[in-house]
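Scroll down for the structure; my scribbles are underneath it.
The values are calculated or read from the model by the stated rules, or taken from the named source; none is laboratory data. Keep in mind that this is a model prediction, so the values were computed, not measured. Methodologically, a virtual Cβ is constructed for each residue, glycine included, from the backbone with ideal geometry; neighbour enumeration extends over all protein chains shown. To get the accessible areas, we keep the full protein, side chains included, count just its heavy atoms, and leave off ligands, DNA and RNA. Shrake-Rupley method; radii C 1.70, N 1.55, O 1.52, S 1.80 Å.
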Amino acid sequence: NVDYAFFGLDVEDSEEVRSFMREKQAMGPKVVVVTLGEHGSLAYDGDTFHKHGIVEVEIADTMGAGDSFIAGFIKGILENKNVDECMSLGAYSSAVTLQYSGAW
């Protein structure tokens, strides 16, 4: 019952990560997204892996960055953006949050 599944891993893109994403996407989500910390993000729609980098900022705190990525991504979905555009919105949203101490 999940259309978009999000996971956070602090690792680099690898075949192990992609295998995990294929497995999760086969369970039903339209898209599986993994945030990779400083290594950006990766999305899988059942056909294609989409990779996106980070927006470099001065980091004050990482709290809330993943949630902010999800919010930006979902905003893109609601605006009928494609997966790559959603990932870009997610990266921008998390970059804003990273600049605040305690994400407040």
*Any residue in the stretch 68-88 that is at pLDDT below 95, aliphatic (A, V, I, L, M) and farther than 17 Å from Arg18 by Cβ?*
no
*When the stretch 11-37 is examined, which residues are found to be more than 13 Å from Phe49 (Cα to Cα), under 12 Å from the mean Cα position of the chain (by Cα) and either open to solvent by 60 Å² or more (accessible area, probe 1.4 Å) or among the hydrophobic types (A, V, I, L, M, F, W, C) (or both)?*
Leu36
*From the set of residues in the stretch 1-43 that are in a loop (DSSP other than H, G, I, E, B) and of a type in the set (S, T, N, Q), which is nearest to Asn82 (Cα to Cα)?*
Asn1
*Take the residues in the stretch 71-87 that are touching a strand residue (DSSP E or B) at 6+ places or on another chain (Cβ under 6 Å) and surrounded by 18 or more Cβ atoms within 10 Å (Cβ to Cβ), then tell me which one is nearest to Asp10 (Cα to Cα).*
Met87
_Where the second residue is among the β-branched types (Val, Ile, Thr) and exposed (fewer than 15 other Cβ atoms within 10 Å of the Cβ) and the first is touching a residue at least 24 places away in the same chain (Cβ under 8 Å) and lies in the stretch 78-102, which pairs have Cβ atoms under 7 Å and are six or more apart or on separate chains?_
Ala95/Val57; Leu98/Val57; Leu98/Ile59; Leu98/Thr62; Gln99/Val57
*Being within 21 Å of Thr48 (Cα to Cα) and among the hydrophobic types (A, V, I, L, M, F, W, C) is the filter here, so list the residues in the stretch 79-104 that pass it.*
Val83, Cys86, Met87, Leu89, Ala91
*Does the stretch 53-63 contain at least one residue that is part of a loop (DSSP other than H, G, I, E, B), in contact with a Leu (Cβ under 6 Å, 6 or more places away or on another chain) and among the β-branched types (Val, Ile, Thr)?*
yes
